[in-house]
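Take a look at the structure below.
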Number of protein chains: 4
Amino acid sequence: MSKGTVVLAYSGGLDTSCILVWLKEQGYDVIAYLANIGQDEDFDAARKKAESLGAKKVFVEDLRAEFVEEFIWPSVQANAIYEDRYLLGTSIARPCIARRQVLIARQEGAQYVAHGATGKGNDQIRFELTCYALYPSILAPWRIPEFYNRFKGRKDLMDYAQKHGIPVPATPKAPWSMDANLMHISGSQPRVVRKSDVRAADSFGAFLSRSVLAAGVPVKVTHLKEGTSKTTPLQIFTYLNEIGGRHGVGRIDIVENRFIGMKCRGIYETPGGTILYHAHLDMEIFTMDREVRRIKQGLGINFSELVYNGFWYSPECEFVRHCIAKSQENVEGKVQVSVLKGHVYILGRESPKSPYNEELVSMDVQGDYNPCDASGFIKINAVRLKEYNRLQNYSFRS
Amino acid sequence: MSKGTVVLAYSGGLDTSCILVWLKEQGYDVIAYLANIGQDEDFDAARKKAESLGAKKVFVEDLRAEFVEEFIWPSVQANAIYEDRYLLGTSIARPCIARRQVLIARQEGAQYVAHGATGKGNDQIRFELTCYALYPSILAPWRIPEFYNRFKGRKDLMDYAQKHGIPVPATPKAPWSMDANLMHISGSQPRVVRKSDVRAADSFGAFLSRSVLAAGVPVKVTHLKEGTSKTTPLQIFTYLNEIGGRHGVGRIDIVENRFIGMKCRGIYETPGGTILYHAHLDMEIFTMDREVRRIKQGLGINFSELVYNGFWYSPECEFVRHCIAKSQENVEGKVQVSVLKGHVYILGRESPKSPYNEELVSMDVQGDYNPCDASGFIKINAVRLKEYNRLQNYSFRS
Amino acid sequence: MSKGTVVLAYSGGLDTSCILVWLKEQGYDVIAYLANIGQDEDFDAARKKAESLGAKKVFVEDLRAEFVEEFIWPSVQANAIYEDRYLLGTSIARPCIARRQVLIARQEGAQYVAHGATGKGNDQIRFELTCYALYPSILAPWRIPEFYNRFKGRKDLMDYAQKHGIPVPATPKAPWSMDANLMHISGSQPRVVRKSDVRAADSFGAFLSRSVLAAGVPVKVTHLKEGTSKTTPLQIFTYLNEIGGRHGVGRIDIVENRFIGMKCRGIYETPGGTILYHAHLDMEIFTMDREVRRIKQGLGINFSELVYNGFWYSPECEFVRHCIAKSQENVEGKVQVSVLKGHVYILGRESPKSPYNEELVSMDVQGDYNPCDASGFIKINAVRLKEYNRLQNYSFRS
Amino acid sequence: MSKGTVVLAYSGGLDTSCILVWLKEQGYDVIAYLANIGQDEDFDAARKKAESLGAKKVFVEDLRAEFVEEFIWPSVQANAIYEDRYLLGTSIARPCIARRQVLIARQEGAQYVAHGATGKGNDQIRFELTCYALYPSILAPWRIPEFYNRFKGRKDLMDYAQKHGIPVPATPKAPWSMDANLMHISGSQPRVVRKSDVRAADSFGAFLSRSVLAAGVPVKVTHLKEGTSKTTPLQIFTYLNEIGGRHGVGRIDIVENRFIGMKCRGIYETPGGTILYHAHLDMEIFTMDREVRRIKQGLGINFSELVYNGFWYSPECEFVRHCIAKSQENVEGKVQVSVLKGHVYILGRESPKSPYNEELVSMDVQGDYNPCDASGFIKINAVRLKEYNRLQNYSFRS
């Protein structure tokens, strides 16, 4: 008798193939679920592989558009960046994948969802907090003693694969966790970035785009020289990836702090996301009131930590997203961007919604601004400092 | 009879030359004070010019070492950055200059300090809050109606100069406020950065340095290929400027929010500061506990806003500097950096003080880390989310 | 010829009566505007007085309902409290009064609004930032040299009053700034609170109310013993004031930090506001998710500082109010409160929207909560601490 | 053969008595450790009981002085308060108790420490994070299936006690977790506070103390009428407890958010802590610069959350304590306090370190403060608001 049905987040790779077979061995019916979030994968081959390994059903789901619109766009609005460097490419993909997985589990009446994330990483948390928030029960084989005691290293997986007719990759993939999606490519092992890569600055001529942001998200990108334009979210983001990728934009080698309490190394390449980060930041400061932005900056830090830690589907993250979206109401205009050899330059910006007032700033036009007012402003700001100083001196003397 | 003695922050340029003569005209004795904070200037010529214009005394003060050690270094420790982009090159120079000016005023028994900053900018505030915090009275001609009504534009200054024998520059300098010092070069007019500049990526081979940070500030920089080493703060910073400058590192064109309430455009080039920003950030995250850094990140934002707004000498900025310095106790190690065509890449890092533990992170070594613990961690983190969800559903139904 | 029309915020007292006459003397037409925000005043008498002093028109406006609904209620939602103690009774009244003043100025085509707030206080700022945000020009006689040089003390005002037929109060009011409105009574002089007051605990039997909060604001208050109920905002707040006042609730004697940079003493009595502060806080923590509240707590601190400093009408305060209102969506339920001799006790609470789950908390019911999960939770939280400790020991030894 | 030695945090009550016997049954040697942190307990009787139940050794440790000086005092400096209401009486006791337990374990060469905290509460976390930070291994029977499956309710404990000769209390104590220490008495069940209690306002005459704070902690308390003075930390705190207790000060009935993700009800009585909270807050605002305090307020919130969640011994809490202590350098002076029927009134304060300047605030003394400066201050603060308004109108029209 079946122990129940499991919807397994299946990647087509060795690990989740072994998990698929192992789950069946344990007595579960397995539905394989493969999310297309822009990674480079032969989805048809993966589907066939899952079927041949005994999956009761296989779902291959194209989530690219919703990934861009519902997960990347809010991150752009938030200027989301973890620990001042990491653009959260993996973090935002997990809730997107898990959400669909839960929907499939409900639709198919499955009792469990399962994933192949390991027990020391962030992804298990991101997967599972999404699932817990949205409901069903979870199987995480890498945390089940029967599983992890059996598969202590890559070799055990290979042996098991051979024994169970699981195709083993000819060129074995890197034995470390990698993630690839529309937003970024990541690898957690140092070797991934070789020195030759970071030096290989592309000599392609400067790229000039004109992106139109409305309410803080891009609505159009135009290549100034070539005249190409993109207008749907998925096209825009794919195009920015292509351009940015050509120039090696957004490659970083960092150490980051996992939610689980460890420091770990991360190598990321986030071309389109890096371009948008800079373009959005520029338009935001150009159009948003200074003090609104100070508060919004804090909310963006909250958002980034929440998303990194797996709390996309939480009351606080919903609240923060709502507030950030509200702050974007006037973030609208055109940003001119140049991308060259790893670097993103902002060349200019214009907006009908900016309080930027050339006349007001000009030293030649006084307008209704009286220089004497600045004296009062400074003197009142100094009242506190003078009292403090008076007291310090007093204390020194006494 | 003299109205008293004024110590004037003198730049050698047209504006402060006119101010010098005008102050004398108004009946003040003027001491000219010229601070060397690394700008490109003929200090001897400036001294002679001030003397010829009637300065009672001239002080040319080399503040470069103290600028690096007492102002740039604390900013590096803070990862100081205003509105996520501006590295505060001008902001930190003002209190350094004004402090010495106050010391001279005290030593010379002067009644006033004066400066040539205009009435719409940030610098007047930074100058004056420093002075108010440290004591004497201030004259700001650009906010004195008699002055600004007389000098309504550049032409008035030129006429006045000619009439009073003030040498007028053959090639008139740009008619906008510029600032140059060790930390950066700034210009607030769009023309300063031409497209050709930002495209002119230097084809110089990749630069590899090995900088040793101790308690959050650099103590040594070594060019890996050339073998050159620098060890004093001033040498280190000058050298990083040279390298960074060659590659166009740290050039930005931004709009920023002035304390005075306006948005204004700023064009900055901060080569050495940009390299150090990235190197320090990397070492900080590598060595500092995650939660300490979250708190320190907030303090760094405080610091940046305070310094931008002119509050370097304030009880709160002193307090924040103290706390930030405390946080740096373990920020020590070597960072390997590559600089190429505008971009700064971190290639690696090592430190005796880092809690980074390769064994702990490794998926092959379990250590005293039990994967099952992660299940508990996730489940407890989900308790709140499940209750929230339970309640939402309940509410939906009722 | 008239210099234009001024709408003067008129209180009926000596100061603004003198200002009214003085403004006329200076050549302005004066419209007197008297806002009823719940202070104890004979409005008819004040109207007649203004007319007799030469006001072109007199507006007496009852703002009590809008004061409660649009200013007090948002402050209750925010748990607004400045420097952990002051409930902002005056701060929130100023924008309410100034808003109507601006509307009258527009309607009457007046060129100016004027107020009698002095040059060292917070109220001038609160008045004027509201006016500047909403438009017209301002006259602040206490900052006009002609005025403040003429009226150097109370005696000058008295002499001027006698000379110009301005009725002088028989018992001269306290020579310090006081403010009274629905929210509170304040006086900035120490004498206002005598020891006998604070000791005079009313022996009235405990008061028990049952207030129903919806979306964070009260919709009904019921006296449990007497059975009395109040349901309109103004009635509710007035009733809570009455009960709280009887028991000396909300009397504080504090030193606070003015925006203008000084510390000053404040004596406040905020009976209804204090009761609501506690009742709302209780319901908020009962119904709101922990992490939402942590973020909302920060926004509440922002709100309090903004309002104290006069920025009610600012983009950032609008933004913060929007976010706080959003956070209140589930703050709904009944709080039982007891008020006795200065103290407010919360006796209990109930809500259909609370995630409080007695079964979950109970030690006798395990539910789907497994005690072992807590072990994992604690161990993972300790990973970072253990690494830190390991490193500290290492460092100690080396 | 022994499984090793366990140092058990022993309370003398039923639960830990059963645990003691059960641990022995499981094959451990048990050292009983009883911390005196001011609870009402017959320590001699408890010692004998532990010995009679088979403890290898018994340690009764008087931690009262270090509890006050090293745990309560830093909390007073921080104005520590969790979720705006809870003064952390239990939270700060746990690391104090656990620290000594670890020291005993080290000294005695024990392999384990054990505690009787349950699996749904905060205390297990506070105990264990302290232990993990400081080293050894932990046994938490209430999370060991063999234990919690055997002892499903109070009845199982009673049966076990009778069977093993463990004295069972004649009047069974309340079947819920209580905690009593110098700082507070807590009980997590509603019945603990009866209505009669909160009404029973003591008619004792007003209490007037004069407490002298130095660097943010009390150094002397004097009863003004009776003339009694206390000067050691333990005496001061005990005396404030006595006075506050007589007046029912600091009794609250709240719902709070546990770290474990649940909301739970808490009934607390914190007399001395409540008095000190108010007295310290008053002196802090009186002596501390406004902006330093804004930053310190945020650090105090950090501190409170960290301590509540069990992170007293963590790098971030150490960092925060260091920063807070730094902020207290000038918090020194005398506060006059009146305590009556549940309420704490601040009657006045004086300090040699306060920047409070009566002359500066006075409206009759102008000093070097010019009212016109306020105009400039307000106008510059309004620049941003006017631009925002201009833009809003512009947008409305277009």
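The values are calculated or read from the model by the stated rules, or taken from the named source; none is laboratory data. As the structure is a prediction and not an experimental result, all values here were calculated from the model. Note that each Cβ is placed from the backbone with ideal geometry, even for glycine, and that neighbours are counted across all protein chains shown.
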Q: Say whether the condition of being assigned to a strand (DSSP E or B), small (Gly, Ala, Ser) and in contact (Cβ under 8 Å) with a residue 24 or more places away in the chain is met by at least one residue in the stretch B:271-287.
A: no
Q) Among the residues of the stretch A:311-362, how many are touching a helix residue (DSSP H, G or I) at 6+ places or on another chain (Cβ under 6 Å), part of a helix (DSSP H, G or I) and facing another protein chain (nearest Cβ under 9 Å)? A) 9
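Tell me which residues, restricted to the stretch C:90-125, are among the small types (Gly, Ala, Ser) and either without any contact (Cβ under 8 Å) to a residue 60 or more places away in the chain or under 27 Å from residue C:2 (Cβ atoms) (or both).
Step one: of the stretch C:90-125, the residues among the small types (Gly, Ala, Ser) are C:91, C:93, C:98, C:105, C:109-110, C:114, C:116-117, C:119, C:121.
Of everything in the stretch C:90-125, those that are among the small types (Gly, Ala, Ser) and either without any contact (Cβ under 8 Å) to a residue 60 or more places away in the chain or under 27 Å from residue C:2 (Cβ atoms) (or both) turn out to be C:98, C:105, C:109, C:110, C:114, C:116, C:117, C:119.
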Q. Which one of A:293, A:258 is within 14 Å of chain C (Cβ to nearest Cβ) and out of contact with any Asp or Glu (no Cβ under 8 Å at 6 or more places or on another chain)?
A. A:258
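Go through the stretch C:27-46 and give me each residue that's over 26 Å from residue C:235 (Cα atoms) and touching a strand residue (DSSP E or B) at 6+ places or on another chain (Cβ under 9 Å).
In the first step, residues of the stretch C:27-46 are kept if they are over 26 Å from residue C:235 (Cα atoms); the result is C:27-32.
Within the stretch C:27-46, C:28, C:29, C:30, C:31, C:32 meet the criteria.
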Q) Can you name the condition, by its number, that residue A:287 falls short on among (1) touching an Asp or Glu at 6+ places or on another chain (Cβ under 8 Å); (2) surrounded by fewer than 23 Cβ atoms within 10 Å (Cβ to Cβ)? A) (2)
Q: Please give the number of the condition residue C:44 fails out of (1) buried (at least 17 other Cβ atoms within 10 Å of the Cβ); (2) out of contact with any Asp or Glu (no Cβ under 6 Å at 6 or more places or on another chain); (3) more than 14 Å from chain D (Cβ to nearest Cβ).
A: (1)
**Q.** Odd one out for residue D:325 among (1) in contact (Cβ under 8 Å) with a residue 40 or more places away in the chain; (2) touching a Lys or Arg at 6+ places or on another chain (Cβ under 7 Å); (3) over 29 Å from residue C:348 (Cβ atoms)
**A.** (2)
Q | Output for the stretch B:80-112, where each listed residue is among the hydroxyl-bearing types (Ser, Thr, Tyr) and surrounded by fewer than 24 Cβ atoms within 10 Å (Cβ to Cβ) | A | B:82, B:86, B:112
Q: May I ask you to verify whether residue A:39 is under 30 Å from residue A:276 (Cβ atoms), touching a residue at least 12 places away in the same chain (Cβ under 8 Å) and not aliphatic (A, V, I, L, M)?
A: yes
Q: Inspect all residues belonging to the stretch D:293-310 and state whether any of them is buried (at least 24 other Cβ atoms within 10 Å of the Cβ) and part of a strand (DSSP E or B).
A: no
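Quick one: which residue in B:265, B:290 is charged (D, E, K, R) and more than 24 Å from residue C:386 (Cα to Cα)? Let's see the steps before the verdict.
On the way: B:290 fails: more than 24 Å from residue C:386 (Cα to Cα).
Every option except B:265 fails the conditions.
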**Q.** Residue among B:283, B:288 that alone is within 14 Å of chain D (Cβ to nearest Cβ), of a type in the set (A, V, I, L, M, F, W, C) and within 30 Å of residue D:305 (Cβ to Cβ)
**A.** B:288
**Q.** Selection within the stretch C:155-183 - surrounded by 15 or more Cβ atoms within 10 Å (Cβ to Cβ) and modelled with pLDDT under 90
**A.** C:177, C:178, C:179, C:180
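Here's the yes/no breakdown for (1) of a type in the set (A, V, I, L, M, F, W, C); (2) at pLDDT 90 or above:
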site	(1), (2)
D:103	yes, yes
D:106	no, yes
D:117	yes, yes
D:123	no, yes
D:128	no, yes
D:135	no, no
D:151	yes, yes
Q | Residue under evaluation residue A:370, criteria (1) surrounded by fewer than 21 Cβ atoms within 10 Å (Cβ to Cβ); (2) at the interface with another protein chain (Cβ under 8 Å from one of its Cβ atoms); (3) modelled with pLDDT under 80, criterion not met | A | (3)
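Residues that are farther than 28 Å from residue A:381 by Cα and touching a helix residue (DSSP H, G or I) at 6+ places or on another chain (Cβ under 9 Å): list the strands (runs of 3 or more DSSP E) wholly contained in the stretch B:16-125 that include at least 3 such residues.
Values: elements: B:29-36, B:57-62, B:112-114.
Qualifying strands (runs of 3 or more DSSP E): B:57-62.
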Q) Can you tell me which residue in the stretch C:126-136 is surrounded by the fewest Cβ atoms within 10 Å (Cβ to Cβ), limited to those that are without any contact (Cβ under 8 Å) to a residue 40 or more places away in the chain and in a helix (DSSP H, G or I)? A) C:132
Q) Using beta carbons and a limit of 7 Å, which pairs, at least six apart or on different chains, have the first residue in the stretch D:66-89 and closer than 17 Å to residue D:331 by Cα and the second one at pLDDT 95 or above and hydroxyl-bearing (Ser, Thr, Tyr)? A) D:78/D:304; D:79/D:277; D:80/D:304
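Report the residue count in the stretch C:222-255 for those that are assigned to a strand (DSSP E or B) and either more than 17 Å from the chain's Cα centre (by Cα) or away from chain D (no Cβ under 12 Å) (or both). Break it down stepwise before answering.
Step one: filter the stretch C:222-255 for residues assigned to a strand (DSSP E or B), giving C:222-223, C:229-230, C:251-255.
Filter again for either more than 17 Å from the chain's Cα centre (by Cα) or away from chain D (no Cβ under 12 Å) (or both), leaving C:222-223, C:229-230.
Result for the stretch C:222-255: 4.
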